[in-house]
Amino acid sequence: MAAIEMRNIVKEYGDGFKAVNDVSLDIADGEFMILVGPSGCGKSTLLRMIVGLEDITSGDMVIGGNRVNEKAPRDRNLSMVFQNYALYPHLTVFENIAFPLRLQKGLAEEDIRRRVQDAADMLELNEHLERKPANLSGGQRQRVAMGRAIVREVNAFLFDEPLSNLDAKLRGQMRTEISRMQRRLGTTTVYVTHDQTEAMTLGDRVAVLRRGFLQQVASPRELYEQP
Ligand code: ADP
Ligand code: ADP
């Protein structure tokens, strides 16, 4: 069974413009799917429909075997990492990462502490747990955003150009970390990027969108190494 099944997904905005047009795509359990395409082709809109931040005009979104079209974001059990990190400025690194666990009722404080610790270990954030986001570098902020995404078990991770605000060197480092993290956790991932290197190194498959249509789905090799 696919982790995420999209069946004829359409997103039509008020003016009748279809930002996403009849997209059908199955993402396998544990698969790392890259979404690429020119600016405005519908990548963010599609991601937001998976998460539930955007209503679906028609079609079916099925996650973990359940149709989720009408489900609120919090009932889909997904983690999204945004381009601008979306951290809580008044909370420490520890509390930012712990945040999704605090929303889950009934978790013991000790359990929360252990899980945050595990995430911080994986992302080398241990020395920064008591700091506030304002006192972190861009790369560290991005790690906190990822820590918050991986701290609980979810159906899938969704990334919207998570590295685009980082410099080239840091992007390379984070790419390696994301790859390691995903291999270790084995969590299904949908990842929007403009960066061909990210698509090549991270993706099991690449879905190409153009003007709202799904144009092609291929392995990075097929896509980027064809003559
Ligand atoms: P991408 O992420 O690939 O850059 P988007 O999903 O952000 O593309 O946008 C796809 C298309 O939908 C664009 O043409 C954009 O202008 C349009 N669009 C996005 N959001 C809205 C909205 N709220 N109302 C009307 N059009 C929108
Ligand atoms: P990005 O380039 O980071 O994908 P966008 O400029 O596409 O960002 O979109 C930023 C926000 O503006 C999104 O919430 C999107 O829904 C909204 N938006 C984009 N295009 C339009 C539009 N034509 N009309 C109304 N809202 C839009």
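Here are the numbers for this structure:
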{"read-out": "FRET efficiency, GLN173 to MET1 (Cβ-Cβ, R0 30 Å, nearest 0.05)", "value": "0.30"}
{"read-out": "Percent RCO, i.e. relative contact order, over the chain, from Cα pairs under 8 Å lying at least 6 residues apart", "value": "29 percent"}
{"read-out": "Subset of LYS71/LYS169; LYS11/LYS132; LYS132/LYS169; LYS71/LYS105 violating a 28 Å alpha-carbon distance limit", "value": "LYS71/LYS169; LYS11/LYS132"}
{"read-out": "Hits among lysines - C-alpha to C-alpha of LYS18 under 21 Å, sequence gap 8 or more where chains match", "value": "LYS43"}
{"read-out": "Rotationally averaged projected area of the range 88-227 (alpha carbon convex hull; nm²)", "value": "10.0 nm²"}
{"read-out": "Ranked by how many other beta carbons lie within 10 Å on average, peptides 40-46, 90-96, 212-218 from highest", "value": "40-46, 90-96, 212-218"}
{"read-out": "Three-way shape call for the range 145-219 based on the alpha-carbon gyration tensor, with the a/c threshold at 1.5", "value": "oblate"}
{"read-out": "Set of the range 108-146 residues, backbone N closer than 14 Å to the point 7 Å along the Cα-Cβ line of GLU95", "value": "129-134"}
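No lab work stands behind these numbers, since they all come straight from the coordinates. All figures in this text were calculated on a predicted structure; none of them were measured in a lab. Note: ideal-geometry Cβ built from the backbone for every residue, glycine included; neighbour counts use all protein chains shown.
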